[in-house]
Every structure is written in structure tokens, then in C-alpha cells.
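J.: Here it is, the structure, as C-alpha cells.
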Amino acid sequence: MTFTCSNRHTLRIVSTLLVTGTFLWTGCEVSRTDSGSYIATPSFGGSKAAPQINAQTSPNFSPSDVRVIAVISVPPGNNAAPELLALDRQYTEIFLQELLQKGYPLVEKTQVETVLNEIDWQHSNGNSSGMAKIGKALNASHLLILDGALIGKNTRDRNVGTIYSGTANLSCRIVAVQSMEVSFSASANQSYTVYSQADSIESVMRVGRSLAARIPARK
């Protein structure tokens, strides 16, 4: 993802209530090579620990009760930068693949996109009746709602070049369409400082993979 220097961009995947998680990625270890170039290694709060995830599963939730699940991730808007749209698609794919591996029947992505185009998600956002309408239109028993905000900026350093820094607040939740009960939720808050565009994208994807991994298996 590319951020314009000194400008702040916000990625809204879906604007819903976040269950706050805590994780801080503070800085990088920088070393200088004999040739004069710099190597940056991301550090997680001084260690290479995995992101800390705050996850909760309802005692009433049985993964085997999921007849079919739809993954809902609304793009950040028609005027969003292509990089943000690409990030949204890549992030969503993480959860689709994880659900498939864990035995969940999925609503086709094209069907989800069609229904979201027909129903104004923005006005349904956070509204139980609106989400129920979307779930019923998709003939889904459950929805996996992806929620996130990403804020960051680029700065220039004469020694190490462009520094990409930002904060990602990411969460997911499984909602039963009939009752609108939250069956499962997971969230994380991660700050990052890296030295390449690819690493800034990987910072977000890494948290996404950690969130997806916490979804209970259906098999």
C-alpha cells in the first residue's frame, strides 16, 4: 500500500463496533552493511513475537451449525486508491481460504458482491435488521464481517530512505443471521514501522492471518 507523505489515509473495510485488542509493533532494528546500505528488520515490541489477538467465542456457538457462511468486506469506497482496493481484496482472501480449510461452506464471492451492490451496506452498517436482510438475501446462516481501519504515512530518511509507518486496527466477527448473535469475534491493534511498501502490506496481512487462524474449525 502506498501512503502519500504526511497525508493520512483511512481504510474502512466495514465500520462496525471493534472489540479492542492490544498489540504494538514498535520500530525496526537497523544495521549498516560494508557497502554502506542499510538493512531493516521489523521488531515486535523488541521481540519477534506473534501478534496478540483478543478472541471470544460464544458458548452457544457450534461451528457445525454453520450451514453456509458469507464473508462481508466492503471496499473502502469508489474514490479509494487502487492500492487500498487491492489490499481489501487480499485481506478478504485470507479469511476465505481459512474458512475453506476449516470446512465451512461459503457463499460465492460474486454472489456476495451482487447483493452488496443491490443493498446499501452503508445504511445497514451496524444495524441488525440490515445485516439480517443481507444474510437472508445470500441464503446464509452466518456472516463473517471484516472490520478494519488503517492509518499511516510515509517519511523520508537520508540514511535509510522511505520509512512506512502506521497503525492497523483489525477485527472479524461471525454473526448468526437468524438471531444476530455474535458467535465469534477476534481483534488486534498493531502499529508498524518498516522500510518497504511490501513490508507495510505484509504487516497488515500478518495480523489478518493471525485473526483468521483463531476462527474455530468446523471439521
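Since every read-out is calculated from the coordinates, none of them should be taken as a lab result. Everything quoted here is computed from the prediction, not taken from an experiment. So basically every Cβ, Gly included, is an ideal-geometry build from the backbone, and we count neighbours across all protein chains shown.
J.: Would you list Val68, Val207, Val177 from fewest to most Cβ contacts within 10 Å? All intermediate terms of the calculation are to be shown ahead of the outcome.
T.: Numbers: Val68 14, Val207 29, Val177 22.
By the 10 Å Cβ count, ascending: Val68, Val177, Val207.
J.: How far apart, in nm, are the 7 Å Cα→Cβ label points at Lys136 and Ser196?
T.: A separation of 5.0 nm, rounded to one decimal place.
J.: Over the range 97-219, what is the relative contact order in whole percent, taking alpha-carbon pairs under 8 Å and six or more residues apart?
T.: On the way: 173 pairs, mean separation 28.3, N = 123.
Relative contact order for the range 97-219 comes out at 23 percent.
J.: Please report the net charge: other residues with Cβ closer than 12 Å to the Cβ of Met131, K and R +1, D and E -1.
T.: Values: positive: Lys133, Lys136, Arg173; negative: Glu181.
Result for the local shell: +2.
J.: With only alpha-carbon atoms counted, please give the Rg and Dmax of the range 112-184, in Å.
T.: Final numbers for Rg and Dmax: 18.0, 57 Å.
J.: Can you pull the one-decimal nm distance between simple spin-label points at Lys102 and Met180, each 7 Å off the Cα toward Cβ?
T.: Inter-label distance under the simple model: 2.4 nm.
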